[in-house]
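Let me begin by presenting the structure, written as structure tokens, before commenting on it.
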Amino acid sequence: MSEANLPEIDRVVHEPARLAILTVLASCAQADFLFLERATGLTRGNLSVQLTRLEEAGFVTITKTIERKRTLTMVSLAARGRAALEEYWESMEQLRAMARTRPASSKKQSLPGKLHPARG
Amino acid sequence: MARVQALLAADQRSEELRYLTEHYRDLQGMRSAPGCALLLAFSAAGAMLHFGKWTAIAGLALIGVASALWGKWCTGWYERRYGVVAETDETIMAPFKDFGHRPLTLLSLYSPRADVRYGPARWKWWALAATGLLFLAPLAWFYSMPADSLPWQIELNICLYASVFLLLPVCLFEMPASRFVWLRRALYMGAIVGLAAENWWAMAHLSEFANPGDATRWLALAWIAAVMLCVTAYDHWLFQHLLTPKKEPAS
């Protein structure tokens, strides 16, 4: 199996912490910082860094409001993020299908996929 | 092989996260568990003490008010402790898309999943309030009627229908490959079967026009409260279980 046949995988989405964030956001209209922190198990600092990275890539939208004298940070998935996530899962499905169909002799080798840097 | 295992584990965690986010509201079992516990205690006491009509109405009304106040406070507690999630219209309607939106839209509206304060589901508050009244007001009315004016089947069937109305949506949603989520569905389906069985049992044991103080009538209500308490307690446990990641994802 040549590397050229492997589907491309978006590095921004493929990173586990960011994938967890995008998965959560894909299932709701928006979620706040605290929920993302609890659901993904990331530390506040790490979550903040990952959200900034996703915002820079245009995958999420972050809005901050003041509610009961507290800052409420709400995050929602942008159309571009949703498209990237769907594409990512399609690529993973293709990889999985390839892994199932390749001959047994080559199963000891890993199937890394073809990673490409962040788009955008 | 290790990569495949890691990939599958990540895939399963993603599915669990998706389920948790989509069911963020209805997994908050502590919002209704104390109300169910109160109802269970009150109906068990009713079976033993044979409450009069007005004692029954006052007790049930008090439990209703206490449950509503607790639910409001508890919603804030969940938000302070676990955060805020605004659900989409698509999420709320998801289990019914295969059936076409009518007539089950009404059922989906009453699902506690809709957080009406955020996002596009805001308008649903009025629909939720109206459907709530539609189902709860007749129940209160039946309890206020003289015992010999209405057949007991109507009252019991309303209790059954209201309970199934709350339980059924959970049985229709897509599920991740998690045994604890499967167990939730099994529990809900078991609860529906249990309530139906209770309905048949009560029909067999109640006289045609049962006295409001009749023990069987109170036991039937206690059974409904016990079933609802079980599912809400499990919901809260599952909520916490799904919100506890095994470890921080590598970054």
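In the range B:202-251, which residue that is at pLDDT below 70 and touching a helix residue (DSSP H, G or I) at 6+ places or on another chain (Cβ under 6 Å) is nearest to residue B:42 (Cα to Cα)?
Among those that are at pLDDT below 70 and touching a helix residue (DSSP H, G or I) at 6+ places or on another chain (Cβ under 6 Å), it is B:212.
How about the range A:49-73: which of its residues are in a strand (DSSP E or B) and over 15 Å from residue A:26 (Cβ atoms)?
A:62, A:63, A:64, A:65, A:66, A:67, A:70, A:71, A:72, A:73
Can you find a residue in the range B:108-115 that is modelled with pLDDT of 55 or more and either loosely packed, with under 12 Cβ neighbours inside 10 Å or of a type in the set (Asp, Glu) (or both)? Explain how you work it out, then say what you get.
As a first pass, look at the range B:108-115 and keep what is modelled with pLDDT of 55 or more: none.
Checking the range B:108-115: not a single residue is modelled with pLDDT of 55 or more and either loosely packed, with under 12 Cβ neighbours inside 10 Å or of a type in the set (Asp, Glu) (or both).
Being part of a helix (DSSP H, G or I) and among the polar types (S, T, N, Q) is the filter here, so list the residues in the range A:74-105 that pass it.
Step one: filter the range A:74-105 for residues part of a helix (DSSP H, G or I), giving A:79-101, A:104-105.
Across the range A:74-105, the qualifying residues are A:91, A:94, A:101, A:105.
Test of understanding: among B:81, B:31, which residue is within 14 Å of chain A (Cβ to nearest Cβ) and either modelled with pLDDT of 85 or more or closer than 29 Å to residue A:70 by Cβ (or both)?
Matching residue, one of B:81, B:31: B:81.
Table: residues versus (1) part of a helix (DSSP H, G or I); (2) out of contact with any His (no Cβ under 8 Å at 6 or more places or on another chain); (3) surrounded by 15 or more Cβ atoms within 10 Å (Cβ to Cβ); (4) touching a residue at least 12 places away in the same chain (Cβ under 8 Å).
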| site | (1), (2), (3), (4) |
| --- | --- |
| B:27 | no, no, yes, yes |
| B:40 | yes, yes, yes, yes |
| B:44 | yes, yes, yes, yes |
| B:47 | yes, yes, yes, yes |
| B:51 | no, yes, yes, yes |
| B:57 | yes, yes, yes, yes |
| B:70 | yes, yes, yes, yes |
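Whether any residue in the range A:29-43 is charged (D, E, K, R) and either in contact with a His (Cβ under 9 Å, 6 or more places away or on another chain) or away from every other protein chain (no Cβ under 12 Å) (or both) is what I want to check.
At the first step, the residues of the range A:29-43 found to be charged (D, E, K, R) are A:32, A:37-38.
Restricting the remaining residues to those that are either in contact with a His (Cβ under 9 Å, 6 or more places away or on another chain) or away from every other protein chain (no Cβ under 12 Å) (or both) gives none.
No, because not a single residue in the range A:29-43 is charged (D, E, K, R) and either in contact with a His (Cβ under 9 Å, 6 or more places away or on another chain) or away from every other protein chain (no Cβ under 12 Å) (or both).
The values are calculated or read from the model by the stated rules, or taken from the named source; none is laboratory data. Small disclaimer: the values here were computed from a predicted structure and weren't measured. Methodologically, a virtual Cβ is constructed for each residue, glycine included, from the backbone with ideal geometry; neighbour enumeration extends over all protein chains shown.
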